[in-house]
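Chemist: So that we are looking at the same thing, I have put the structure below in structure tokens.
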Amino acid sequence: MHIAIAGNIGSGKTTLTALLAKHYGWTPKYEAVDYNPYLEDYYKDIPRWSFNMEVFFLKERFKDLLALAKSDRKETFVQDRSIYEGVYVFTENNYRMGNLSARDFQTYMELFASMTTILRYPDLMIYLRSSVPNLVKNIQKRGRDYEQQIPLEYLERLNQLYEEFVFQRYKGKVLVVEVDPLDYLHNKKDFAGIVDKIDAHLFGLF
């Protein structure tokens, strides 16, 4: 089974991925952030490094899905960010902002289209819906240097694209979690509430 955790930068995807992996005994697949060789350069010069960074992320997410396809189908993977939001949110945003040329964007989308011929949607995508102020608070709290200068407008554009992606473009099964009032890392009731919703979606409970 394949569970994907979707959400903007700072929405709490990695934290929830780790908690769900521990709770259910699922295998976590984390996004390539700390070892992405392009990310720091990207935030310093976005137009120059956008194509490189987007292709790297696409490659890493596709590798995870290939591993899932080859694994024992009894194993469940919980993935920190899906290949679909990487394409329809982050790459789309870079293209709309003029950070990707039409030629690079076409090449990228043709590559993704080839990949989708052997992909299937996750069994459930959990969308962590967050306001920009909540995103900023979490970004500041975790203290990654290259994230501290992210413009508010950038986060706002990503939030808008997430809304388009989740509610208009994505055809798979989605659970929306409003994360602003939650602290599922420190509050057991908040985490239990998310688990109850996941159980209901996956197993028809409650």
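Chemist: What whole number of Å gives the distance from the Cα centroid of region 1-70 to the Cα centroid of region 122-153?
Modeler: Answer, in whole Å: 14.
Chemist: What whole-number volume per residue, in cubic angstrom, does the convex hull of the C-alpha atoms of the chain give?
Modeler: 121 Å³
Chemist: Going toward the positive end of the dipole of the chain, with +1 on Lys and Arg Cβ and -1 on Asp and Glu Cβ, which of 23, 106, 36 do you reach last?
Modeler: Going by the Cα projections, it comes out as 23.
Chemist: Can you tally the net charge around residue 139? Count Lys and Arg as +1, Asp and Glu as -1, for every other residue whose Cβ sits under 12 Å from the Cβ of residue 139.
Modeler: Details: positive: 137, 141, 142, 144; negative: 145, 147.
Neighbour charge sum, excluding residue 139 itself: +2.
Chemist: Running a GNM on the chain with Cα contacts under 10 Å, which residue among 82, 71, 101 ends up with the highest mean-square fluctuation?
Modeler: Top of the fluctuation ranking is 71.
Chemist: Let me ask something else. So, counting K/R as plus one and D/E as minus one, what does the shell of residues with Cβ under 14 Å around residue 191 add up to?
Modeler: That works out to 0.
Chemist: In terms of modelled amide H atoms, which long-range or inter-chain residues lie less than 5 Å from the amide H of residue 127?
Modeler: Placed amide hydrogens put 6, 175, 176, 177 under 5 Å from residue 127.
Chemist: Additional query: How much accessible area per residue does the chain have, in Å², with a 1.4 Å probe? The partial results should precede the final answer.
Modeler: Working: 10500 Å² over 206 residues.
I get 51 Å² per residue for the chain.
Chemist: Carbon and sulfur together cover what percent of the accessible area of region 2-203 at a 1.4 Å probe radius?
Modeler: It is 52 percent, rounded to a whole number.
Chemist: Taking the C-alpha atoms of region 68-151, how large are the radius of gyration and the largest Cα-Cα span, Dmax, in Å?
Modeler: 16.4, 43
The values are calculated or read from the model by the stated rules, or taken from the named source; none is laboratory data. Everything quoted here is computed from the prediction, not taken from an experiment. Reconstructed Cβ throughout: ideal geometry from the backbone, glycine too, with neighbour counts over all protein chains shown. Just the protein is used for accessible areas: all its heavy atoms, side chains included, with ligands, DNA and RNA removed. Shrake-Rupley method; radii C 1.70, N 1.55, O 1.52, S 1.80 Å.
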